[in-house]
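All remarks here apply to the structure that follows.
The values are calculated or read from the model by the stated rules, or taken from the named source; none is laboratory data. Everything quoted here is computed from the prediction, not taken from an experiment. With ideal geometry, Cβ positions are generated from the backbone for all residues, glycine too; neighbour counts draw on all protein chains shown.
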Amino acid sequence: MASMMQPQIILLKEGTDTSQGKAQLLSNINAVTAVGDVVRTTLGPRGMDKLIHDDKGSVTISNDGATIMKLLDIVHPAAKILVDIAKSQDSEVGDGTTTVVLLAAEFLKEAKPFVEDGVHSQNLIRSYRTASTLAIEKVKELAVSIEGKSVEEKKGLLAKCAATTLSSKLIGGEKEFFATMVVDAVMAIGDDDRLNLIGIKKVPGGNMRDSFLVDGVAFKKTFSYAGFEQQPKKFDNPKILLLNIELELKSEKENAEIRLSDPSQYQSIVDAEWNIIYDKLDKCVESGAKVVLSRLAIGDLATQYFADRDIFCAGRVAEEDLNRVAAAAGGTIQTSVNNIIPEVLGTCEIFEEKQVGGERFNIFCGCPSGRTATIVLRGGADQFIEEAERSLHDAIMIVRRAVKNSTVVPGGGAIDMEISKYLRQHSRTIAGKSQLFINSYAKALEVIPRQLCDNAGFDATDVLNKLRQKHAMQSGEGASYGVDINTGGIADSFANFVWEPAVVKINAINAATEAACLILSVDETVKNPKSESAQGDAAAGAMGRGRGGGGRGRGMRRR
Ligand code: ADP
Ligand code: MG
């Protein structure tokens with residue numbers, strides 16, 4: 001009451017919107033929970049997809065947490081944090097994006113009653129951090145290594161991980177088919193870190209099963225000029241020349257001006273141009289290359305010239321594709337045709353131009369350095385192929401992670417139940433309020449199996465009870481039991497090969513806890529009135545008629 005008597009202190013500009021304290025914290029928690037509810041239903045093999053159409057009218061159908069979060073266009077400042085963790089999970093490990101959002105939302109939901117009761121959020125944060133450290137240690141302890149297996153065995157195990165990732169996707173029906181393909185692709189590139197060495201080419205039409213893997217590079221035939229038909233379309237062990245120059249007869253540049261006094265001189269200028277291009281073409285031919293690729297245009301003159309000499313050429317090849325050919329075939333991209341030494345030419349076992357559906361593809365197989373692979377995806381609708389590509393991306397990332405870290409944990413909520421049990425047990429050894437908080441954290445982890453059940457239409461309470469009972473077994477033999485998505489009961493996820501790389505879980509727990517703690521540590525939101533119309537103001541201010549522009553001007557220093 002006393003404070004009301006005092007004169008009001010104006011600290012922030014008029015129009016600033018602030019809200020603080022418990023109410024603000026609760027409102028943030030509610031916002032985050034709301035976001036969690038949006039992605040909730042997409043989790044797991046029986047998860048639903050979301051159809052999102054933006055203001056430009058493009059339609060995306062996706063099951064991928066990161067994609068959905070990105071497209072949602074969330075404006076709530078606290079809820080935006082969830083978008084960030086989904087994105088970071090996507091780039092760090094590539095899968096588990098729905099999981100991370102769901103966990104963060106659930107941690108906060110569990111914290112809500114405590115906040116309402118006036119618990120200081122720092123206490124919650126401290127306990128959550130402890131719980132997260134314990135949980136991650138436990139995951140590491142439970143993880144099973146796939147190191148020291150033969151290549152064939154390892155491939156089989158990796159395919160299981162890929163299949164688990166794919167089972168929740170639109171292409172889940174063909175998960176074995178695609179899992180093997182993904183593993184072969186990842187194995188082909190070895191331990192090179194560059195993800196773009198695996199190309200995914202989408203060709204609408206046909207059946208999913210018509211998709212295939214090229215152990216090398218494939219790209220859509222580029223635009224070509226007349227004369228192209230006469231070029232050979234298949235070579236064994238050709239030399240490949242990669243260029244970054246134009247092989248086109250140059251017409252006069254717009255800003256070139258030449259003054260001629262004698263009309264006959266005109267011919268010499270035209271001739272000079274022809275000589276330049278013929279000289280370039282001769283040098284390409286002399287290099288012995290049978291396939292000439294350029295990032296820039298190869299014109300009709302060059303096309304015909306190459307055709308006459310049984311050389312295949314393609315201009316305007318996308319930079320990405322050209323780089324992949326260079327990496328695979330072992331050549332170097334040239335910026336000049338002078339001095340083409342044999343070392344800069346690449347090669348491959350078979351080069352071929354092939355019809356795939358309605359498209360023609362240039363395919364380079366059996367490349368010497370072999371460090372690339374291309375997946376040619378087929379399927380009905382555009383949206384379908386787009387989603388298939390995103391799904392394959394997840395699977396590729398997962399297999400790469402598994403190759404690197406080579407430890408896996410049982411999925412289907414098994415690992416989550418086990419950590420939850422462990423934390424509950426641990427909390428009993430703690431005295432004080434912290435016991436409750438860690439217990440809540442443990443309860444929050446159960447959201448994964450519960451949601452898997454809900455999404456599949458199972459009785460979640462029933463399944464969770466069974467799971468709790470299994471995991472509570474002293475012998476520890478129930479530790480890998482998770483939701484059986486096929487029967488609605490429980491099953492040993494490990495035996496059923498529902499595997500996930502351990503880093504997916506570790507990263508998800510870590511990121512979700514951090515996000516939850518971050519939101520819990522916010523007790524005030526200040527909305528600067530300027531930030532809302534920053535653009536409009538800046539424009540108006542520049543013209544000197546901005547609202548309050550004079551006021552701001554006074555404060556500004558002039559130099
Ligand atoms: P995220 O974006 O988090 O990867 P997903 O929709 O891919 O979400 O679902 C992943 C969850 O589904 C994981 O918890 C995983 O263990 C579970 N899961 C995947 N395949 C199966 C399966 N065959 N049986 C039970 N659970 C599965
Ligand atoms: Mg997934």
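Some observations on this one:
- Test: residue in region 76-93 that is within 15 Å of ligand 2 (Cβ to nearest atom), surrounded by fewer than 23 Cβ atoms within 10 Å (Cβ to Cβ), touching a residue at least 40 places away in the same chain (Cβ under 8 Å) and assigned to a helix (DSSP H, G or I): yes
- Selection of region 464-513 for residues being out of contact with any strand residue (DSSP E or B) (no Cβ under 8 Å at 6 or more places or on another chain), assigned to a loop (DSSP other than H, G, I, E, B) and within 16 Å of ligand 2 (Cβ to nearest atom) yields Ile485, Phe497.
- Search result, residues across region 494-514 that are within 8 Å of ligand 1 (Cβ to nearest atom), over 19 Å from the mean Cα position of the chain (by Cα) and buried (at least 24 other Cβ atoms within 10 Å of the Cβ): Val498
- Residue match in region 419-438 (condition: touching a residue at least 60 places away in the same chain (Cβ under 8 Å) and within 16 Å of ligand 1 (Cβ to nearest atom)): yes
- Flag set for Leu103, criterion: surrounded by 18 or more Cβ atoms within 10 Å (Cβ to Cβ) and either under 24 Å from Asp64 (Cα atoms) or within 16 Å of ligand 2 (Cβ to nearest atom) (or both).
- Looking across region 29-53, just one residue is assigned to a loop (DSSP other than H, G, I, E, B), out of contact with any Gly (no Cβ under 9 Å at 6 or more places or on another chain) and among the hydrophobic types (A, V, I, L, M, F, W, C), and that is Met48.
- Listed conditions (1) modelled with pLDDT under 90; (2) crowded, with 18+ Cβ neighbours inside 10 Å; (3) among the charged types (D, E, K, R) are all met by Lys109, apart from (1).
- Matching residues in region 84-107 - criterion: being of a type outside the set (Ser, Thr, Tyr) and either more than 14 Å from ligand 1 (Cβ to nearest atom) or farther than 19 Å from Asn28 by Cβ (or both): Asp84, Lys87, Gln89, Asp90, Glu92, Val93, Gly94, Asp95, Gly96, Phe107
- Only listed residue being surrounded by fewer than 23 Cβ atoms within 10 Å (Cβ to Cβ) and under 33 Å from the mean Cα position of the chain (by Cα), chosen from Thr461, Thr525: Thr525
- Residue that is nearest to ligand 1 (Cβ to nearest atom) [pool: residues in region 54-75 that are out of contact with any Gly (no Cβ under 8 Å at 6 or more places or on another chain) and touching a residue at least 60 places away in the same chain (Cβ under 8 Å)]: Asp64
- Any hit, region 143-152, residues being among the polar types (S, T, N, Q), surrounded by 15 or more Cβ atoms within 10 Å (Cβ to Cβ) and closer than 21 Å to Val503 by Cα: no
- Checked against (1) more than 16 Å from Ala104 (Cα to Cα); (2) away from ligand 2 (no atom under 14 Å from the Cβ); (3) surrounded by 13 or more Cβ atoms within 10 Å (Cβ to Cβ), Leu51 meets all criteria but (3).
- Among the residues here, Glu343 does not qualify as touching a residue at least 12 places away in the same chain (Cβ under 8 Å), surrounded by fewer than 20 Cβ atoms within 10 Å (Cβ to Cβ) and in a helix (DSSP H, G or I).
- Residue match in region 351-363 (condition: crowded, with 19+ Cβ neighbours inside 10 Å and over 23 Å from Val203 (Cα atoms)): no
- Of residues in region 317-337 being touching a Lys or Arg at 6+ places or on another chain (Cβ under 7 Å) and in a loop (DSSP other than H, G, I, E, B), the one modelled with the highest pLDDT: Val317
- When restricted to residues that are out of contact with any strand residue (DSSP E or B) (no Cβ under 6 Å at 6 or more places or on another chain), among the aliphatic types (A, V, I, L, M) and within 16 Å of ligand 2 (Cβ to nearest atom), region 56-75 contains 2.
- Counted residues, region 471-495 - those being farther than 15 Å from Leu142 by Cα, without any contact (Cβ under 8 Å) to a residue 40 or more places away in the chain and of a type outside the set (A, V, I, L, M): 5
- Scanning region 6-29 for residues that are farther than 24 Å from Ala105 by Cα and of a type in the set (Gly, Ala, Ser) returns a single hit, Gly15.
- Residue in region 68-77 that is over 17 Å from the mean Cα position of the chain (by Cα) and among the β-branched types (Val, Ile, Thr) present: yes
- Residue in region 254-276 that is part of a helix (DSSP H, G or I), of a type in the set (Asp, Glu) and either out of contact with any Pro (no Cβ under 8 Å at 6 or more places or on another chain) or surrounded by 11 or more Cβ atoms within 10 Å (Cβ to Cβ) (or both) present: yes
- Residue within region 5-25 that is hydrophobic (A, V, I, L, M, F, W, C), crowded, with 18+ Cβ neighbours inside 10 Å and in contact (Cβ under 8 Å) with a residue 12 or more places away in the chain present: yes
- Residues in region 484-493 that are surrounded by fewer than 18 Cβ atoms within 10 Å (Cβ to Cβ) and of a type in the set (Val, Ile, Thr): 1 in all.
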